[in-house]
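Notes follow once the structure below has been shown.
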Amino acid sequence: MSGTAADAALDVAVQEAAGSVDGWVAAAFAVVEGVREQVLEAAALAAVKGRPLRVSDVAGLDKLLRSHLAEPHRPRLAGVGFIPAVGALSDRPRGLEWARRAPDGTVTRLEPDLDPDSLGYYDFTATDWFRRPLATGTRSVVGPYVDVSGTDEYVVTLTVPVAHSGRALGVCGADLRLGDLSDVMMPAVRGLDGDAALVNADDRVMVSSSPRWLVGSLLHEGDPLLTRRCRLAPWRVVVHEGRYGDPG
Amino acid sequence: MSELPVAAREAVFAPLEGAGRVDAVVRRLGDAIGLGLIGDGEQLPAESELAAQLGVSTVTLREALAELRALGMVQTRRGRAGGTFVGPPVDASVAALRARLREVSADELRDIGDVHEAVAGAAAKLAAERASQDQLERLRHHAASVEKATNAGDRRRADGRFHIEVAAAAQSPRLTSQEIALQSEVGGLLWLPRSEALSPKDAARQHAAIAAAVSDRDGERARTLAGEHVRIEMARLLELHLRLDGGA
């Protein structure tokens, strides 16, 4: 294969990789939007009845959330749900409507420690994935990060703001595992003549086709041979010259 | 609380070596009160008697008592039933922690310290390599918070959260879980009201040094400083444990 043809093949592969990642993010956001719809329906119904939103109004969410976590649902999510803003539900100041799928497949409700005096206090109101969508009114993609005191996993979190009649109700979101993201992207870059990685806005490696870059580490490299931005997340697919272990 | 060995209590009132120094008296009595060797509400011996027992002058003793009063460890009542009393009382959880510190064995403490040194050191080194700018900022913020806290409970949480933030900045859920478990195990002992293992100022200074090494991306220095920090804490815990046990 001539140099130009090889370059073209690389270009196609990188484009395909970024496209797969975008497709996956789009599908995950579609799930999150569906959850938001149901929360908004509940809020509208409560408004018609002339009373504030209660825990029982959003209890029906659980079934929907679990259906999104059941195999073989794709994209495969680590968790999904609605995080009400403090005071958004009139009969419970703080609480989460979040279903979680453990790595072994077990689905449970996430019940973190919400006691501010506890070392394990899960202060979700201080997190970027909670604050950003409410502050900007737009979607947010955060991570990967260690979800301390929440799921205690290393995840990416996608969130959207939820507001009804001008009042912020909280955020809806989904957690994604990097292993699942790797399954989505790797087929496009496997066997390429060059090491490929997916990095976030901090240049943190999320997926790597090579032992050269550890997932979670920061990419300290010169200019990549090729780079392509994802459209739906602040991420890039990069390819660097040479392959790990090759001489020279 | 289980019964204290007589020797532990007797040691409280034994003559001080290198007598004459106010802070030696403050430390001896402060530790004893913090550890519950002198019970809540208990009356201290008359000043002249106590001074004679400790082998210090009454002037030195009075100065020390004034300091302990300022620290909220003793109260002085005037009148016929007057004198110096230990108080105000601490709650049941503190009594349980004191019992734990007494009952833990020296080799168990050493073993906990070994693991903590390994975890905190590795976390600090990896955080130096991997922390994002946001995380560096959060680390610096948390480093100072232990000194700003106004009571032992808040200092315990602030201290614990700094170490947990370091582990989270290392991007490792496992190191983070280990750090949380270790903080839950020793945090309460380190920040036992009235017998805190470190002064908040020293703790904040050591945290700041670790945070600075992490910010400088100097992994080896961060590891060394984090390890030393843990060693200092564990040595002090061992000292308090031995005092409860009637030694040292």
- Note on the structure: Here the qualifying pairs (Cβ atoms under 6 Å; residues six or more apart or on different chains; first in the stretch B:26-44 and crowded, with 19+ Cβ neighbours inside 10 Å and β-branched (V, I, T); second modelled with pLDDT of 80 or more and outside any helix (DSSP H, G or I)) come out as B:I33/B:M73; B:I33/B:V86; B:I38/B:V86
- Task: Could you figure out which of (1) part of a helix (DSSP H, G or I); (2) within 23 Å of A:L218 (Cα to Cα); (3) in contact (Cβ under 8 Å) with a residue 24 or more places away in the chain; (4) within 14 Å of chain A (Cβ to nearest Cβ) isn't true of B:R217?
- Result: (1)
- Query: For the stretch B:163-214, what are the residues that are of a type in the set (K, R) and either within 21 Å of B:A144 (Cβ to Cβ) or more than 11 Å from chain A (Cβ to nearest Cβ) (or both)?
  - Reply: B:R194, B:K201, B:R205
- Note on the structure: Checked B:E129, B:E47, B:E103 against criteria (closer than 27 Å to B:S172 by Cβ and of a type outside the set (K, R)); the one match is B:E129
- Would the stretch B:174-181 turn up any residue that is surrounded by 20 or more Cβ atoms within 10 Å (Cβ to Cβ) and among the basic types (K, R)? no
- Item | Scope the stretch A:126-150; condition facing chain B (nearest Cβ under 9 Å) and under 18 Å from A:P112 (Cα atoms); matching residues | A:D128, A:Y145, A:V146, A:D147, A:V148, A:S149
- Report yes if some residue within the stretch A:201-213 is modelled with pLDDT of 95 or more and polar (S, T, N, Q); otherwise report no. no
- Task: Inspect all residues belonging to the stretch B:142-159 and state whether any of them is in contact with a strand residue (DSSP E or B) (Cβ under 6 Å, 6 or more places away or on another chain) and either surrounded by 20 or more Cβ atoms within 10 Å (Cβ to Cβ) or more than 13 Å from every other protein chain (Cβ to nearest Cβ) (or both).
- Result: no
- Do you know which of the residues in the stretch A:151-183 that are away from every other protein chain (no Cβ under 11 Å) and not in a strand (DSSP E or B) is surrounded by the fewest Cβ atoms within 10 Å (Cβ to Cβ)? A:G166
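The values are calculated or read from the model by the stated rules, or taken from the named source; none is laboratory data. Please read these numbers as outputs of a predicted model, since none were measured by experiment. Because the Cβ atoms are built from the backbone with ideal geometry, glycine has one as well, and the counts that use them run over all protein chains shown.
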